[in-house]
Amino acid sequence: MTPQATLEFAPNDDILMYATFSKGYKGGGFEDDPANAAAARAGYDPETVNNYEIGGKFEFFDRRVRLNLAAFYMKYKNLQVTQTNQDCLCNITDNAADANIKGVEIEAEAILFDGFTLSGGATFLDTEYVRFVDSLGRDTSGNFLQRTPKNQWNIAGDFVTDLGGWQDGFRAHINYSHQAKMFWAPDNVNFEKPYGTLDARVSITPNDGDLTFSLWGRNLTKEFYRVNIIAFFGDEISRLGAPRTYGAEVSLKF
């Protein structure tokens, strides 16, 4: 059973307050690459989570500004935690008996002037393996959850205008995303430093039509970051994020 219940209160057309309780479930299973026969037979248990959330959605200045706020608390039982083991070079999934996530989310959007919209959001987290002793006997109780940044935020700008006689013929988008420090494993030894990436896109759509020409760039500041690591006998084997990348695109709607 995964029930959900929500209470909503709207004092006027510009404000919506809510409170939600929901329960989630994820089935158990067996290792894809078990280290030995015993590991192949052991498997791991299902996980469950109880989620509590309160929040509000607000609109101001004739709906030119929107603000969404939410605070949540997630309580896990038997959270499935997958780690790469350096001894067998295989992935091992264990169950953390108890784990908690507390957080706050903020989203905002504002039309600063006709054709230009500024938007952004941020998430702040406090997480903990309340009780977790893995199958190798390592006790990481009290540590921060792996692969979970302590905070993330982004800001974006969108501009749309006519281009000569072409209605909404020109579009430009720019976005900056930032991620705080993140631990790669439950032992909280190896971590990724904070980093941010800048992306942009410019598009032209002639004659109010379905044909669009675009130029885009990703990671324009050439940020050096990693998307995965494996701790290996005191060192780290890393997979890096894409470098600065440019591209051109033609799209057709039909």
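Quick one: would you say residue 201 is over 30 Å from residue 101 (Cα atoms), of a type in the set (Lys, Arg) and in contact (Cβ under 8 Å) with a residue 24 or more places away in the chain?
Details: over 30 Å from residue 101 (Cα atoms): yes; of a type in the set (Lys, Arg): yes; in contact (Cβ under 8 Å) with a residue 24 or more places away in the chain: yes.
For residue 201, the condition - over 30 Å from residue 101 (Cα atoms), of a type in the set (Lys, Arg) and in contact (Cβ under 8 Å) with a residue 24 or more places away in the chain - is met.
Only one residue in 71, 5, 99, 40 is among the hydrophobic types (A, V, I, L, M, F, W, C) and closer than 24 Å to residue 228 by Cβ, so which one is that? Explain how you work it out, then say what you get.
Details: 71 fails: closer than 24 Å to residue 228 by Cβ; 5 fails: closer than 24 Å to residue 228 by Cβ; 40 fails: closer than 24 Å to residue 228 by Cβ.
Within the list 71, 5, 99, 40, the selection yields 99.
Residue-by-condition table, conditions (1) under 19 Å from the mean Cα position of the chain (by Cα); (2) exposed (fewer than 11 other Cβ atoms within 10 Å of the Cβ); (3) in a strand (DSSP E or B):
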| site | (1), (2), (3) |
| --- | --- |
| 213 | no, no, yes |
| 217 | no, no, yes |
| 220 | no, no, no |
| 223 | yes, no, no |
| 228 | yes, no, yes |
| 237 | no, no, yes |
| 243 | no, yes, no |
| 248 | no, yes, yes |
| 251 | no, no, yes |
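If I ask for residues that are farther than 11 Å from residue 109 by Cα and not in a strand (DSSP E or B), which ones from the range 53-69 would you list?
Filtering the range 53-69 for residues farther than 11 Å from residue 109 by Cα gives 53-57, 61-62, 69.
If the condition is that a residue be farther than 11 Å from residue 109 by Cα and not in a strand (DSSP E or B), then 61, 62 are the ones that fit.
Taking the conditions exactly as written (modelled with pLDDT under 95, charged (D, E, K, R), farther than 21 Å from residue 114 by Cβ and surrounded by 14 or more Cβ atoms within 10 Å (Cβ to Cβ)), does residue 187 satisfy them or not? Show your work before the answer.
Values: modelled with pLDDT under 95: yes; charged (D, E, K, R): yes; farther than 21 Å from residue 114 by Cβ: yes; surrounded by 14 or more Cβ atoms within 10 Å (Cβ to Cβ): yes.
It is true that residue 187 is modelled with pLDDT under 95, charged (D, E, K, R), farther than 21 Å from residue 114 by Cβ and surrounded by 14 or more Cβ atoms within 10 Å (Cβ to Cβ).
Of all residues in the range 103-139, how many are over 24 Å from residue 55 (Cα atoms) and either in a strand (DSSP E or B) or not polar (S, T, N, Q) (or both)? Working first, answer last.
Pass one, the range 103-139, residues over 24 Å from residue 55 (Cα atoms): 112-116, 129-139.
Adding the requirement that they be either in a strand (DSSP E or B) or not polar (S, T, N, Q) (or both) leaves 112-116, 129-134, 136-139.
Count: 15.
I need a count of the residues in the range 140-180 that are out of contact with any Ser or Thr (no Cβ under 6 Å at 6 or more places or on another chain), in a strand (DSSP E or B) and either modelled with pLDDT of 95 or more or among the β-branched types (Val, Ile, Thr) (or both).
So the answer is 14.
Here's a check for you: in the range 22-51, which residue that is under 27 Å from the mean Cα position of the chain (by Cα), outside any strand (DSSP E or B) and under 22 Å from residue 129 (Cβ atoms) is modelled with the lowest pLDDT?
31
The values are calculated or read from the model by the stated rules, or taken from the named source; none is laboratory data. Just so it is clear, the structure is predicted and the values come from calculations on it, not from any experiment. Virtual Cβ from ideal backbone geometry, glycine too; neighbours counted across all protein chains shown.
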